[in-house]
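Accompanying notes for the structure given below.
The values are calculated or read from the model by the stated rules, or taken from the named source; none is laboratory data. These numbers come from a predicted model, not from an experiment. Ideal geometry is used to build each Cβ from the backbone, glycine not excepted, and the neighbour counts take in all protein chains shown. Areas reflect the complete protein model, heavy atoms only, side chains present, ligands, DNA and RNA absent. Shrake-Rupley method; radii C 1.70, N 1.55, O 1.52, S 1.80 Å.
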Amino acid sequence: MSLLVVGLSHRSAPVSVLERASLSADSQAKLLQDTLAAEPAAEAAVLATCNRIELYADVDKFHAGVAELSTLLAQHSGVGLDELTPYLYVHYEDRAVHHLLSVACGLDSMVVGEGQILGQIKDALALGQELHTAGRLLNDLFQQALRVGKRAHSETGIDRAGQSLVTFGLEQLADGRDPAAWAKGKRALVIGAGSMSSLAAATLARAGVAEIVVANRTRARADRLVEILGQADGTGVAAHAVDMAAVSDELTRADVVVSCTGATGLVLSAEAVAGALGLDPAPAHEAPAASAPVEPDAQHAAWVENGSATATAQARAVRRIPAQSTGPVRLALLDLAMPRDIDGGAARLDGVRLVDIESLAEASADAPMAVDVDQVRSIVADEVAAFGAAQRAAHVAPTVVALRTMAAGVVAGEIARLEGRLPDLDEKQRAEISQTVRRVVDKLLHAPTVRVKQLASEPGGAGYADALRELFDLDPQTVAAVSRADLNDPNRGRS
């Protein structure tokens, strides 16, 4: 196993960099194809969410792999390599496995314990399978991550340590009040009809808003979301869809706006928000300052060597939350998009409260950690060890199969030779002799093949497969053929 992950996330990079480095669906597909075409990589998968971009690959050379994957991330994200490199982290083999399992359990999420990441991991695996870039290693890894994530949520109280970004965002908008009491009777505008926007609409409906208006570039998807909201039991929310062109009008009637689209530019400018409220837009010189970069070497080294603690503190140090206006809130804005949908300058308008990915990161960093997090970390540690053992055992399996295939060939040859020398044997005698010879061979091979599998599952056990091939003079092409047959099994690792 030569698993390598190169990526950046909300823990290692400021939001301004994450916004620019975000990948569209087409860019993700092209990135995977180009990664597989690169010399060091045999498999590839990309995990791209609103606050992380990670490229996973099975590589044959560590340093060449890091260089190639970093270059490809820069090329497809549109952020120059020199600028991107300080924010990248690198994990290899067991550390890479540990990282993905931690991500799947919500330990590395902006809101610890949130479960939406499992759906995103499933989508990443599905894309790798569709494009045939995910082979045996990454299929096994991502399937394991999904199982471990589900186990963490079912066996521990990790859900109590955090919520979805939507729920957490509404709590921040409520500013200390009960979110349900705060939302009751309000008129909500949801911009976008993807998975996050759908979750936001459903959450608002359960919180008791009186009306939800859904605006989306594709009207059919907005209509479908409204239909789903109408089928929900017990909410009684009035919902209807509008075209994106109607957003400005709907903004004048909304109390709360949630936006999460795939747009590359702003969906709501500060001027549009000001116009909806009948205000003068904030002067340009009052616009919030852009995030400043951290010291590159310190940030990168901290993430490669130490993981989350140091890098979290450094990443938090570079965040610049727009100053919020004071006084009664007339319009609450929740921006869950990356890149951002809503101009940060809107936060400075009188009567506007804006919560975005950046401010959610700051708030969640100060949230208390649940005791259950330690239980999840223990689960992850156990599962990392189990995954490593399974991969090492799988490495020796083709050799064992090739050995038994060779033995079966020897038995068949000897039986045929015996039948030629003793043509007078009847069918019962031939069957008994054949069965006896096969039993002898099976008993001779049983102990060494079982033992080699056990030894191969231990750290450093890969050499036992090599020893077996050498001792029995197995044809390397036969072993490779068994491996290819296993890798091309159409039923293997389907999500």
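Values computed for the structure shown
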| quantity | calculated |
| --- | --- |
| Distant-in-sequence amide H partners of GLY113 (H built 1.01 Å from N, under 5 Å) | LEU107 |
| VAL410 - accessible surface, heavy atoms, 1.4 Å probe, Å² rounded to 10 | 80 Å² |
| Cα gyration tensor shape for the stretch 1-129, rounded if a/c is under 1.5, else prolate or oblate | rounded |
| Separation in nanometres of the label points that stand 7 Å from Cα toward Cβ, at GLU362 and SER24 | 3.2 nm |
| Simple Cβ-charge dipole of the stretch 1-74, Lys/Arg +1 and Asp/Glu -1, about Cα centre, in debye nearest 20 | 320 debye |
| Heavy atoms of LYS61: accessible area, 1.4 Å probe, square angstrom to 10 | 110 Å² |
| ³J(HN,Hα), Karplus 6.51/-1.76/1.60, whole Hz, each residue of the stretch 418-425, x for Gly, Pro | 5, 5, x, 7, 10, x, 8, 5 |
| Fraction of the pair-distance distribution of the stretch 53-167 above 17 Å, Cα-Cα pairs, percent | 61 percent |
| Sequence-distant residues sharing a close amide H with CYS50 (under 5 Å, placed H) | none |
| Environment charge of LEU474, counting only residues whose C-beta is closer than 12 Å and scoring Lys/Arg +1, Asp/Glu -1 | -2 |
| Probe 1.4 Å - accessible area at GLU362, Å² to nearest ten | 50 Å² |
| Under 28 Å from the Cα of LYS122 - lysines, other chains or at least 8 residues apart | LYS30, LYS61, LYS150 |
| Accessible heavy-atom area order of TYR92, TYR464, TYR87, highest first, probe of 1.4 Å | TYR464, TYR92, TYR87 |
| Most to least accessible of GLU419, GLU155 (protein chains only, probe 1.4 Å) | GLU155, GLU419 |
| Built amide H within the under 5 Å cut-off of GLU43, gap 5+ | ASP58 |
